[in-house]
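Q: Take this structure, written in structure tokens, and hold onto it; I'll ask about it next.
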Amino acid sequence: MLVAGTTTLLDRIRRDGGADAWAELVRRYWRVVFGYARRRGLSPADAEDFTQEILTELVRVLPEFELDPAKGCFRSFLFTMVRRRLIDRVRGAERGPQVCRLLDGDDIESPDEPWEQEWQRSLLRLALDEAARAVEPRTYQAFQLVVLDGWTAKRAAAFLDLSVDSVYQAKARVLRHAREVVERIEGEEA
């Protein structure tokens, strides 16, 4: 949950507009926008260009942006922006399967399943990246072998010259860090 006194990413951008806050925004949302654009039919190059266009638009609008909690979180605002820009882009180019894929009955104002899936995937990657930086490399390697690569704790322990208990502790430590990151980001989103 968001702790009293915690400054959200949007607050940091509006307050000081520092490079760190903008870098965090890009780190947090680039994958979501890019992944969604790809899932909605854009080629990798077009999806990358599109993502840059969205980020450029955010640079323009966010310093004056006021989030209305009654209308949802920032992610919902971003979804609406992305969805509208995608539809405009496809309509401006040519009619065909892409338009159908973009206009497949979703409500343009409410996030759809592909958007939420991209958000969850990105959030997990962010959490794991931060956890990897927060723990010793060997701790993260034990976690990776057991959780991500599917090794048994015994096999990972032998490979890393650790006890099986140490492997389980490493797994728990990384998961705890990742969970804290997810809670922090979701708290800022609320």
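The values are calculated or read from the model by the stated rules, or taken from the named source; none is laboratory data. The structure displayed is predicted, hence computed values, not measured ones. All Cβ positions, glycine included, derive from the backbone under ideal geometry; neighbour counts span all protein chains shown. To get the accessible areas, we keep the full protein, side chains included, count just its heavy atoms, and leave off ligands, DNA and RNA. Shrake-Rupley method; radii C 1.70, N 1.55, O 1.52, S 1.80 Å.
Q: When you scan the stretch 153-190, how many residues do you find that are of a type in the set (A, V, I, L, M, F, W, C) and either under 30 Å from R75 (Cβ atoms) or at pLDDT below 95 (or both)?
A: Qualifying residue count, the stretch 153-190: 8.
Q: So, one more: Considering only the stretch 19-29, how many residues are without any contact (Cβ under 8 Å) to a residue 60 or more places away in the chain and touching a helix residue (DSSP H, G or I) at 6+ places or on another chain (Cβ under 7 Å)?
A: Of the residues in the stretch 19-29, 5 are without any contact (Cβ under 8 Å) to a residue 60 or more places away in the chain and touching a helix residue (DSSP H, G or I) at 6+ places or on another chain (Cβ under 7 Å).
Q: From E118, E109, grab the single residue that is in contact with a helix residue (DSSP H, G or I) (Cβ under 8 Å, 6 or more places away or on another chain), assigned to a loop (DSSP other than H, G, I, E, B) and either acidic (D, E) or at pLDDT 90 or above (or both).
A: E109
Q: What is the number of the single condition among (1) open to solvent by 30 Å² or more (accessible area, probe 1.4 Å); (2) in a helix (DSSP H, G or I); (3) modelled with pLDDT of 95 or more; (4) not polar (S, T, N, Q) that G150 does not meet?
A: It is condition (2) that G150 fails.
Q: Restricting attention to the stretch 153-190, report how many residues are of a type in the set (S, T, Y) and open to solvent by 50 Å² or more (accessible area, probe 1.4 Å).
A: Going through the stretch 153-190 one residue at a time, the tally reaches 2.
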